[in-house]
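The values are calculated or read from the model by the stated rules, or taken from the named source; none is laboratory data. Keep in mind that this is a model prediction, so the values were computed, not measured. So basically every Cβ, Gly included, is an ideal-geometry build from the backbone, and we count neighbours across all protein chains shown. Each accessible area value is taken on the protein alone, full model and side chains, heavy atoms only, with ligands, DNA and RNA left out. Shrake-Rupley method; radii C 1.70, N 1.55, O 1.52, S 1.80 Å.
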Amino acid sequence: MNELARVDSEQHGSLCLVRVSGEIDMSNDREILTAIEMAVARETDRLVVDLTHTTYLDSAGLALLLRLAERMQARQQMLSVVVPVDSRVRRAFELTGLLSVIDVVSRSEDALGEIRPGSSNDHA
Amino acid sequence: MTLRDGALLKALRTHPKHVDGSAIFRYTSKLVLVGGAYYVAAILGLRLALIEKNVTPLWPPTGIAVVAFLIFGWRVWPGIALAALAVNLPISTNGLAAAATATGNTVAPLLAAILLVRVGFRREIDRLQDALAIVFLAALLSTLISASVGAGTLVLSGAIPAGRFPAAWAVWWTGDAMGVLVVAPFLLVLLQRPWSGSLRERIEIAALLLLVADVSVLVMNTDLRLMFLVIPFLGWTAWRFQQRGAAPAALLAAGIASWAAAHGLGPFQQGTLFEKMISLQAFNATVAFSSLFFAALVTERTRAREALERSAAELEDRVARRTAELSAANERLNREIAERHDTDRKLRQREGQLAEVQQQAQVGNWEWLIPEDRVSWSDEMYRIHGYLPKAFPITFEKAVELVEEEDATRIRANLKAALARGRDHDLPPSEYRIVRADGAERVLLGKARLSVGSDGRPLRMVGTVQDITEGKQAEREHRIAETLQRSLLPDRLPEIPGVLLAARYLPATSDLEVGGDWYDVVQLPNGSLALAIGDVAGHGLRAASTMGQLRMALRAYALEEGSPSQVVGRVRRLVRVLVPDIVTLIYLVFDPESGTLRFANAGHPPPLLVDGDGQTSYLEGGLGPPLGAIAHPGQDIDAATHLDAGSTLLLFTDGLVERRGASILDGLTRLKTLAADPGEDLEALCDQLLSAMVTDEVSDDIALLALRQVPFAAEPLFLRLPAEPHVLAPLRQTIRRWLRELDADPGIVDDVLVACGEASANAIQHAYGAKDGLFEVSLVLSDGAVEITIRDLGSWRPSSGSGRAARRGGLGQRLMRSLMDSVDVNSGPEGTVVRMRRSLQLKADRERTRAR
């Protein structure tokens with residue numbers, strides 16, 4: 001794929017799952033933020049941003065997530081970020097202390113645990 | 001033969017300067033040969049003796065002696081003298097008489113040879129003068145000596161009474177003369193170079209000689225006096241074979257006659273000795289003279305004819321050669337004229353308006369006397385307007401009438417304004433259109449100057465007018481072509497460390513014909529390289545503009561679409577809707593990090609891949625039909641291959657491999673052979689391929705694009721980049737490749753990438769608004785650690801407030817300091833320098849650590 005990053009989203013009832021694959025830096029952070037916010041529907045209670053397939057993330061990506069978290073909080077929506085333990089971007093979260101600011105889980109199943117089979121409402 | 005005569009003369013005159021054994025042997029052999037021949041001939045000759053024993057009517061030895069002197073020179077005289085002495089001793093009264101006779105017999109032929117050489121005698125006897133020389137000088141003159149000495153000796157020695165001296169002298173003289181006349185030509189003919197006659201000629205000559213002999217024998221054995229019957233046969237022989245036939249025939253006839261006379265046969269049965277003598281000598285003389293002269297004459301005639309023919313042929317040849325030279329010169333001249341014409345044409349086209357105007361330099365001038373309202377035109381003014389000079393009386397109104405309406409209004413307004421200014425001044429130059437007498441529209445450039453009187457009243461206006469139509473047109477076409485060309489090809493190729501790129505564009509030889517070939521290289525957001533090369537069918541502005549549109553569209557699709565086949569598919573749809581042309585195109589995406597090359601091909605000649613070992617292969621996969629060729633093409637497909645380090649990829653348009661009179665397959669094979677040794681220098685490779693593949697005029701445009709991936713981690717990495725966010729991803733990719741080539745640990749590679757990314761992001765942010773807009777990144781390997789320097793040229797502007805940038809900046813600082821072993825930031829008015837260091841734990845170091 002030629003784009004630096006790619007954003008895919010699924011809506012499962014009140015839960016919105018957004019997968020970001022590729023690299024995030026200051027050249028595409030605004031686009032990605034916009035794409036994620038566009039994916040979040042009005043009825044969404046909870047947003048899960050899955051960074052399992054994100055291969056690069058620096059302060060621009062971290063700032064993006066902080067900003068997203070603030071906006072979600074303002075709208076009283078919950079945000080979880082999936083960063084596997086072996087992810088190449090995990091160190092950035094650890095070193096900047098974001099693990100304590102944002103809800104970071106290491107497995108997408110943990111974040112998606114509340115989705116019951118059959119209630120899937122896929123808007124992808 | 002002159003040369004041989006010259007050599008002979010020399011031999012006659014000079015003594016040998018140096019005598020060695022073999023020369024003495026040769027000389028002795030010659031003496032023996034000559035003496036032997038002389039002696040044998042003398043014995044035979046004596047058989048024919050008429051007076052005593054030593055006066056014969058035919059004395060062959062004299063002929064032999066003459067020939068011997070002619071051939072071997074005067075130095076063989078002892079051979080002759082000794083043989084003559086040997087012959088005369090037994091038949092003379094005493095030794096003294098024999099010696100005297102022998103001396104006469106030696107001196108006579110020697111004198112004959114000397115005289116012959118003097119007059120330039122040719123041994124072939126093929127000229128009348130040779131025949132004359134041998135008859136008069138050799139046969140008749142020189143033999144006076146031998147006859148006088150011989151006959152005198154006979155009388156003095158008492159062999160004959162004095163009263164018989166005249167008869168003896170006459171017989172002696174004629175005998176010697178006949179010996180020379182009959183024998184010398186025969187021997188000279190024998191000693192010539194071997195005859196190259198055909199078998200038929202050989203048979204003919206033998207038959208003729210046999211005939212002469214038969215007839216001679218016949219007439220000598222009949223009592224009837226029919227000796228003249230021999231003459232026609234001699235003539236025939238001489239006519240057919242010249243001296244070669246005449247000499248032996250004469251010898252035969254004379255020999256037989258002499259023999260008959262000696263034996264008193266046939267015509268020689270009756271009469272006194274004197275009568276017999278007269279009759280025989282008359283016959284022999286007739287035979288010798290007629291055969292000699294006739295043969296010489298025929299030869300001379302033949303030679304003259306041949307010479308004439310030869311010179312005619314030579315002349316013809318010379319005329320033909322000269323004609324050819326002239327026509328070649330003429331052709332050269334024509335070519336030169338054509339070339340000069342061509343060059344002139346190109347020059348005119350290129351030099352645009354200025355040269356055009358200068359060359360034509362048709363400037364007309366006019367004058368307007370304002371108070372009298374009188375206008376005058378120069379002759380050139382009329383010509384510029386398409387009329388004969390002074391074709392009509394010109395007035396102000398008439399002049400303005402000739403100008404196109406729109407421009408006429410403007411001119412009137414300008415003039416009115418100029419007249420109103422009330423002072424001398426130049427009017428601004430003005431371009432305007434006229435319609436010429438023949439209906440052609442022309443563009444003129446007018447300049448004018450106004451003079452006013454002391455009261456400011458306009459008095460006089462003068463001006464020049466120039467036809468600049470061609471100049472305007474050439475200028476316009478040139479500008480269009482240039483603009484197009486510039487828009488069609490990339491100004492420069494992306495600079496990517498470890499990836500060499502070279503490109504060539506060779507326009508068709510014709511200047512204004514812009515072709516439909518193009519190539520393009522862009523770096524995609526993810527750091528991959530997109531390469532395209534294509535060809536719009538046809539030439540000229542339309543093909544060029546199509547190419548321009550497609551190039552832009554392709555760039556747009558390349559940024560948007562994922563795979564080459566998708567990009568090609570979209571261009572295909574665009575061509576179907578927008579462009580009436582047929583287009584071939586190959587589009588490739590090369591990922592320098594993995595070496596993967598993916599491509600899709602729309603009917604374009606396949607790229608050539610040359611690996612590091614010189615193995616060549618055409619990438620024939622991913623092929624679909626040309627764009628615009630068929631209404632409902634199937635889905636475009638992708639093909640992929642891997643480009644190892646050191647491999648070279650060659651993309652080209654068909655102009656490179658197509659040549660008049662050869663199939664494109666030949667061209668592809670040729671290219672494959674030439675590219676098998678690609679060398680180190682990619683630019684040189686391109687030049688080499690072009691010069692080897694393109695020999696004659698470039699009839700079609702040629703685009704050539706070469707790409708090679710090379711190792712680059714052996715050198716420090718240094719990059720100067722525009723301070724724009726989109727450079728970050730390609731920068732990371734380059735650093736990643738550089739570190740991987742060093743075999744650095746993947747985790748550490750990620751750390752370095754983030755740290756570099758942060759420092760670069762800062763540089764980009766700080767450099768925003770600064771003049772230069774560039775920043776520099778360098779990575780140097782030192783002691784198992786990488787030293788990173790990132791320098792921007794912008795002035796430091798502290799992050800404002802708590803915005804997005806400030807937050808990012810803060811996080812960035814933290815990341816850099818945590819990921820690197822050391823970070824040093826130095827800001828000043830010249831810009832900011834960030835120096836970082838990180839141990840790489842290279843594989844070699846890691847192994848060393850483990851070993852401990």
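Being on the phi < 0 side of the Ramachandran plot, away from chain B (no Cβ under 14 Å) and open to solvent by 10 Å² or more (accessible area, probe 1.4 Å) is the filter here, so list the residues in the range A:54-83 that pass it.
Scanning the range A:54-83 gives A:Q73, A:A74, A:R75, A:Q77, A:M78, A:L79.
Being more than 21 Å from B:L251 (Cα to Cα), open to solvent by 60 Å² or more (accessible area, probe 1.4 Å), in a helix (DSSP H, G or I) and at pLDDT below 70 is true for just one of B:K53, B:K10, B:K17. Which residue is that? Before you say what the answer is, go through the steps one by one.
On the way: B:K53 fails: in a helix (DSSP H, G or I); B:K17 fails: in a helix (DSSP H, G or I).
When all the criteria are applied, what remains is B:K10.
Do we find a residue being open to solvent by less than 40 Å² (accessible area, probe 1.4 Å), at pLDDT below 95 and farther than 25 Å from B:V694 by Cα anywhere in the range B:610-618?
no
Please verify whether the range B:700-710 includes one or more residues that are out of contact with any Ser or Thr (no Cβ under 7 Å at 6 or more places or on another chain), in contact (Cβ under 8 Å) with a residue 24 or more places away in the chain, open to solvent by 80 Å² or more (accessible area, probe 1.4 Å) and not in a loop (DSSP other than H, G, I, E, B).
For the range B:700-710, residues out of contact with any Ser or Thr (no Cβ under 7 Å at 6 or more places or on another chain), in contact (Cβ under 8 Å) with a residue 24 or more places away in the chain, open to solvent by 80 Å² or more (accessible area, probe 1.4 Å) and not in a loop (DSSP other than H, G, I, E, B): absent.
With the checklist (1) assigned by TED's automatic domain parsing to the domain that holds B:Q242; (2) among the β-branched types (V, I, T); (3) not in a helix (DSSP H, G or I) in hand, flag the one item B:I205 doesn't pass.
(3)
With B:R804, B:R835, B:R791, B:R817 as the choices, which residue is within 14 Å of chain A (Cβ to nearest Cβ), open to solvent by 50 Å² or more (accessible area, probe 1.4 Å) and either modelled with pLDDT of 90 or more or within 60 Å of the chain's Cα centre (by Cα) (or both)?
Values: B:R804 fails: either modelled with pLDDT of 90 or more or within 60 Å of the chain's Cα centre (by Cα) (or both); B:R835 fails: within 14 Å of chain A (Cβ to nearest Cβ); B:R791 fails: within 14 Å of chain A (Cβ to nearest Cβ).
Among B:R804, B:R835, B:R791, B:R817, only B:R817 is within 14 Å of chain A (Cβ to nearest Cβ), open to solvent by 50 Å² or more (accessible area, probe 1.4 Å) and either modelled with pLDDT of 90 or more or within 60 Å of the chain's Cα centre (by Cα) (or both).
If you take the residues of the range B:657-672 that are outside any loop (DSSP other than H, G, I, E, B) and touching a residue at least 40 places away in the same chain (Cβ under 8 Å), which of them is farthest from B:V610 (Cα to Cα)?
Going residue by residue through the range B:657-672, those that are outside any loop (DSSP other than H, G, I, E, B) are B:659, B:662, B:664-672.
Filter once more, so that each one left must be touching a residue at least 40 places away in the same chain (Cβ under 8 Å): B:664, B:668, B:671-672.
Numbers: B:I664: 19, B:L668: 13, B:L671: 11, B:K672: 9 Å.
Among them, the one singled out is B:I664.
Quick one: B:V698 ticks every box in (1) modelled with pLDDT under 85; (2) outside the structural domain of B:P605 (by TED's automatic domain parsing) bar one, so which box is it?
Tallying (1) modelled with pLDDT under 85; (2) outside the structural domain of B:P605 (by TED's automatic domain parsing), B:V698 fails exactly one: (2).
Pairs under 7 Å by beta carbon, first residue among the polar types (S, T, N, Q) in the range B:394-411, partner open to solvent by less than 70 Å² (accessible area, probe 1.4 Å), six or more apart or different chains?
Partner pairs satisfying both residue conditions: B:T395/B:V375.
Inside the range B:65-83, can you point out the residues that are part of a helix (DSSP H, G or I) and either out of contact with any Pro (no Cβ under 8 Å at 6 or more places or on another chain) or not hydrophobic (A, V, I, L, M, F, W, C) (or both)?
Our first condition is that a residue be part of a helix (DSSP H, G or I); within the range B:65-83, this holds for B:65-72, B:74-83.
Matches in the range B:65-83: B:V67, B:L70, B:I71, B:F72, B:W74, B:R75, B:V76, B:W77, B:P78, B:G79, B:A81, B:L82.
Just give me the residues in the range B:547-589 being within 12 Å of chain A (Cβ to nearest Cβ) and touching a residue at least 60 places away in the same chain (Cβ under 8 Å), in sequence order.
B:S563, B:P564, B:Q566, B:V589
Given the options B:A108, B:A113, B:A86, B:A100, name the one that is surrounded by fewer than 17 Cβ atoms within 10 Å (Cβ to Cβ) and part of a helix (DSSP H, G or I). I'd like the intermediate steps shown before the answer.
Working: B:A108 fails: surrounded by fewer than 17 Cβ atoms within 10 Å (Cβ to Cβ); B:A113 fails: surrounded by fewer than 17 Cβ atoms within 10 Å (Cβ to Cβ); B:A100 fails: surrounded by fewer than 17 Cβ atoms within 10 Å (Cβ to Cβ).
Being surrounded by fewer than 17 Cβ atoms within 10 Å (Cβ to Cβ) and part of a helix (DSSP H, G or I) holds for just one of B:A108, B:A113, B:A86, B:A100, which is B:A86.
So, in the range B:711-756, exactly how many residues are among the small types (G, A, S), open to solvent by 30 Å² or more (accessible area, probe 1.4 Å) and within 14 Å of another protein chain (Cβ to nearest Cβ)? Before you say what the answer is, go through the steps one by one.
In the first step, residues of the range B:711-756 are kept if they are among the small types (G, A, S); the result is B:713-714, B:723, B:729, B:744, B:747, B:755.
Among the residues that remain, those that are also open to solvent by 30 Å² or more (accessible area, probe 1.4 Å) are: B:714, B:747.
Filter again for within 14 Å of another protein chain (Cβ to nearest Cβ), leaving B:747.
So the count comes out to 1.
Looking at the range B:57-68, is at least one residue surrounded by fewer than 21 Cβ atoms within 10 Å (Cβ to Cβ) and either of a type in the set (D, E, K, R) or at pLDDT 85 or above (or both)? Talk me through it step by step, then tell me what you get.
As a first pass, look at the range B:57-68 and keep what is surrounded by fewer than 21 Cβ atoms within 10 Å (Cβ to Cβ): none.
No, every residue in the range B:57-68 fails to be surrounded by fewer than 21 Cβ atoms within 10 Å (Cβ to Cβ) and either of a type in the set (D, E, K, R) or at pLDDT 85 or above (or both).
Can you tell me which of (1) buried (at least 17 other Cβ atoms within 10 Å of the Cβ); (2) more than 13 Å from every other protein chain (Cβ to nearest Cβ); (3) part of a strand (DSSP E or B); (4) more than 10 Å from the chain's Cα centre (by Cα) is the one A:L17 doesn't meet?
Checking A:L17 against (1) buried (at least 17 other Cβ atoms within 10 Å of the Cβ); (2) more than 13 Å from every other protein chain (Cβ to nearest Cβ); (3) part of a strand (DSSP E or B); (4) more than 10 Å from the chain's Cα centre (by Cα), the one that fails is (4).
Go through the range A:37-53 and count every residue that is closer than 30 Å to B:C756 by Cβ and surrounded by fewer than 21 Cβ atoms within 10 Å (Cβ to Cβ).
First pass over the range A:37-53, keeping only residues closer than 30 Å to B:C756 by Cβ: A:37, A:49-53.
Next cut, surrounded by fewer than 21 Cβ atoms within 10 Å (Cβ to Cβ) only: A:37, A:52-53.
The qualifying residues number 3.
Residue check, B:A177 against (1) within 15 Å of B:A42 (Cα to Cα); (2) modelled with pLDDT under 85, all met but one. Which one?
It is condition (2) that B:A177 fails.
Consider B:S691 against the criteria (1) open to solvent by 10 Å² or more (accessible area, probe 1.4 Å); (2) under 16 Å from B:I496 (Cβ atoms); (3) within 33 Å of the chain's Cα centre (by Cα): it satisfies all of them except one. Which criterion is unmet?
(2)
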